[in-house]
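Note sheet for the following structure.
No value in this document is a laboratory result; all are computed from the given coordinates. Please read all numbers here as calculations on a predicted model, not as lab measurements. Reconstructed Cβ throughout: ideal geometry from the backbone, glycine too, with neighbour counts over all protein chains shown.
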Amino acid sequence: MEPVIEVNELTKRYGGKTAVDRLSFTVRPGRVTGFLGPNGSGKSTTLRMVLGLDAPTSGTATVGGVPFRAHRRGLHHAGALLDAGHVHGGRTARAHLSALARGNGIGARRVTEVLEEVGLADAARRRVGGFSLGMRQRLGIATALLGDPPVLIFDEPVNGMDPEGVLWVRRLFRRLAAEGRTVFLSSHLMSEMEQTADDLVVIGQGRLITAESVRDFAARGTRLSVTVATPRPAELTAVLTAAGASVEGEGEGGREGAAGAGKLVVTGLPADRIAALAFENGVLLHELTTRAATLEEAFMALTADSVEYLAGGTR
């Protein structure tokens, strides 16, 4: 059976609060799928329902066509890291993994293999209570890999990782997807999503906003802007505004100084049209740089109406 995560009309209510609201999406093998949403959007609740840790109020969440709880020896079907802190601090890393291995019919050799794979072989006999957050994250990833499962789910896996660890995680996820596994990754780090994910599932206030490729998502939220440096910003602003552009000053350089120089950020006109208008009006340009919006800017634009808590108490 294909290792697909399928969420269909999934709903979870806690009293009068709806955490997840008729959510539907599919996560397919061979790709890294990022799971995004503002704080309080229902991401963690959704992941817990996919893994059978929370029961939905209505709707379904399946792994490989059946609810995860229906799988015997679940670690052979899906591995997950939801919270690196949920490990008994008095156990060693090897003891923690060995206990899970016995309960899922996994041999001791596999415990050694995953400890080596995540870089914890030398710390295998150390108590987890003395681990740094980055080491706990590595142990959580080892736990997810223990059953060699076709489906892997990770919630904020690079928290506490140093740059080398982040690069290792990024390469690991890409390799797992290349092996044909389903990799579902929740993170608030847009830079990691840009580097790692192929597809995105974006939710807000428990509802689906979009499910599409990273490229298409970025394009949806992209508004090209052009940075222009000129010794005559006021004159160029008037010309570009008359042509239908939106023009703003860029920081301190956006205001005319003693020499009259300034930088402008222009939207609504492409760089070649700006250059042509400047030439036609005899305005000298020192810089003309086109800039596309980042994935983070696209995310902020598309989820602006779904943010539960805003700084300053505004809504």
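Quick notes on this structure:
- Point-to-point label distance, Leu167-Ala234, nm (Cα→Cβ direction, 7 Å offset): 5.1
- The chain, dipole about Cα centre (Lys/Arg Cβ +1, Asp/Glu Cβ -1), debye to the nearest 20: 1620
- Virtual spin-label span in nm between Glu212 and Glu9, 7 Å along Cα→Cβ: 2.6
- Cα pair distances in the chain, grouped into 20 Å bins until the bin that holds the longest one, percent each: 28, 44, 22, 6
- Bridging of Lys43 to lysines at a Cα separation below 25 Å is possible for Lys12, Lys17, once same-chain residues fewer than 8 apart are set aside.
- Measuring nothing but how far apart in sequence close Cα pairs (under 8 Å, 6+ apart) lie, relative to its length, segment 107-259 scores a relative contact order of 13 percent.
- Taking 7 Å steps out from each Cα toward its Cβ at Asp305 and Ala219 produces label points 2.3 nm apart.
- Charge dipole (the chain, unit charges on Cβ, about Cα centre) - positive-most of Gly89, Val7, Phe217: Gly89
- Considering only the Cα atoms of segment 172-229, their convex hull presents on average a projected area of 5.8 nm².
- Rounded to 5, percent antiparallel among DSSP beta bridges of the chain: 65
- Mean Cα-pair separation over length for the chain, i.e. relative contact order, pairs under 8 Å, 6 or more apart, %: 20
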